[in-house]
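Here the structure is laid out as structure tokens; the discussion comes afterwards.
The values are calculated or read from the model by the stated rules, or taken from the named source; none is laboratory data. This structure is a prediction, so every number in the text was calculated from the model and none was measured. Here the Cβ is made from the backbone with ideal geometry for all residues, glycine too, and neighbour counts use every protein chain on show.
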Amino acid sequence: MSKAIIYHNPRCSHSRQALALLEQNGYAPQVIEYLLTPPSIKEIKRILNLLQIEPRELMRTKEKEYLLLHLNDPTLNDAALINAMHDHPILIQRPIVIIDSLACIGRPPEEILKIL
């Protein structure tokens, strides 16, 4: 079976549901509580590449940090947004599931079924 990784927040119901779906489908994923262990800048870039999305699409734009840090400024470049996610991991969408070279954001949790 392929190796699965989940960037997880145990306080998030979507994240808990995604983890349960992985386990129900036979996966014993590596669980990364990204608020405690934020992904490196290199890992965020890898996730963006796997998801084939732009940095802002990985961000939780309703978090207070998003506005406090003025991340809604359209002139900010990708590096600034990636650095903000690294420094403030609460800004990262959750859960993120990676299986081999496939990735998805589990919102809703059933989205992960597409990569199983």
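Across the stretch 30-49, the qualifying residues are those that are within 11 Å of the chain's Cα centre (by Cα) and hydrophobic (A, V, I, L, M, F, W, C), and the one among them that is farthest from ILE99 (Cα to Cα) is LEU35. Please tell me if ALA80 is surrounded by fewer than 16 Cβ atoms within 10 Å (Cβ to Cβ) and over 23 Å from ALA18 (Cα atoms). Taking the combined requirement at face value, the residue satisfies it. For the structure I just gave you, tell me whether ILE99 is surrounded by 12 or more Cβ atoms within 10 Å (Cβ to Cβ), in contact with a Leu (Cβ under 9 Å, 6 or more places away or on another chain) and in the same structural domain as SER2 (by TED's automatic domain parsing). When the stated conditions are applied, ILE99 passes them. Right, GLU33: surrounded by 15 or more Cβ atoms within 10 Å (Cβ to Cβ) and more than 19 Å from LEU113 (Cβ to Cβ) or not? Spelling it out, GLU33 is indeed surrounded by 15 or more Cβ atoms within 10 Å (Cβ to Cβ) and more than 19 Å from LEU113 (Cβ to Cβ). Against the test of being closer than 18 Å to ILE90 by Cα and exposed (fewer than 15 other Cβ atoms within 10 Å of the Cβ), the options GLU57, GLU43, GLU23 yield a single qualifying residue, GLU57. Within the stretch 66-103, the set of residues being more than 30 Å from ALA28 (Cα to Cα) and β-branched (Val, Ile, Thr) comprises just one member, THR75.
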